[in-house]
Amino acid sequence: MLGAGVVDDAHLDTVLWSLVWRGLLTNDSWAGLRTRIGGNGPKVRVPQRRGRIALPRRVGPPTSAGRWSALPVVNMSAEQRATQVADTLLGRYGVVTRGSVVAERLPGGFAAAYRVLAAFEQAGRCQRVYAIEGLGAAQFGTGAAIDRLRAVRPGGRQQRTTVIAAVDPANAYGAALPWPDPPEGVTHRAGRKPGAWVVLVGGELRGYLEKGGATLLLWGDENEALNGLAAARLHGTRIRLTSVNGSLPSPLDARGKAMQAVGFIHTPSGWRLRTEGH
């Protein structure tokens, strides 16, 4: 980089984050990561003290904020790395399927992970199980995860509403499960995108909030998704909807009335979700 002369902010930012994803660099602040995924958060004004000389502000991109430092390089063989990856997958998903491995975009794909997981099974470190119908016979789980699945009674699943990031490993859609088709008449599709959120009711997808908080997709019982979204406190996400299933609801139609009932306010620029203090 030094031999290339002047390096612009955009190129430097790209290089820094490529080193982060490779596990070679870290930062002492969450500010850059939050900005990168779209969560800037509210701006807080800090009162200036009189009589102090104002220092120049940094001019670099906000995604590069903080102090960067190199991480120690860990030398391990390909076999050791594959073993560590398999352990991470089991800890992250409980039950590892082809879809969950593909979603991780690992070198060697599912075939490489399968060889290690099969060896784990022979060594008693995990179990092969057909836990999730329709996701193939090549499923591997930890003993604790399988015991919890066996303890679930048919028809006894709780209809708990959960709002999580679309890229969260706990979101099976786009990994172990395919995304549902868009609602009728909608071309926008859901995806595992940073900054996006999903509303799950009893584990089933009911809502998808796109990054930026302007586009919302709804499936099934819309009231469940709207209630879950209103009850959640999404850090750094300002919700001002301009599209719900492809159109802007009217305050007079059924969807608009349901949105008002859970705390949405209709404004000239869209539907804003009322929050505490705002």
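Since every read-out is calculated from the coordinates, none of them should be taken as a lab result. Everything numeric in this text was worked out from a predicted model, so none of it was measured. Cβ sites come from the backbone with ideal geometry, for glycine too, and all protein chains shown count toward neighbours.
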Bins of 10 Å, starting at 0 and running to the largest distance - Cα pair percent for segment 161-273: 15, 52, 30, 4
How much length is gained on full extension from ALA78 to LEU16, taking 0.36 nm per residue of separation minus their Cα-Cα distance? 19.8 nm
I need the peptides 111-118, 123-130 ranked by packing, meaning the mean over residues of other C-beta atoms within 10 angstrom, with the highest value on top. 111-118, 123-130
Sort GLU104, GLU121, GLU79 so the one with the fewest other Cβ atoms within 10 Å of its own Cβ comes first. GLU79, GLU121, GLU104
For HIS188, HIS11, which order do you get if you count the other beta carbons within 10 Å of each Cβ and list the fewest first? HIS11, HIS188
Fewest Cβ neighbours within 10 Å first, please rank THR237, THR83, THR14 accordingly. THR14, THR83, THR237
Value at 222 nm in deg cm²/dmol, rounded to 500, when DSSP H runs of n ≥ 4 in the chain each add -39,500 (n - 2.57): -9000 deg cm²/dmol
Considering the dipole of the chain built from charges on the beta carbon (Lys and Arg +1, Asp and Glu -1) around the Cα centre, which of PRO194, ILE146, TRP271 is farthest to its positive end? TRP271
Over the chain, what is the relative contact order in whole percent, taking alpha-carbon pairs under 8 Å and six or more residues apart? 13 percent
How would you order 160-169, 21-30 from highest to lowest mean count of nearby Cβ atoms within 10 Å? 160-169, 21-30
Over the chain, how many percent of alpha carbon pairs lie in each 10 Å bin up to the one with the longest distance? 5, 21, 25, 25, 16, 6, 1, 0
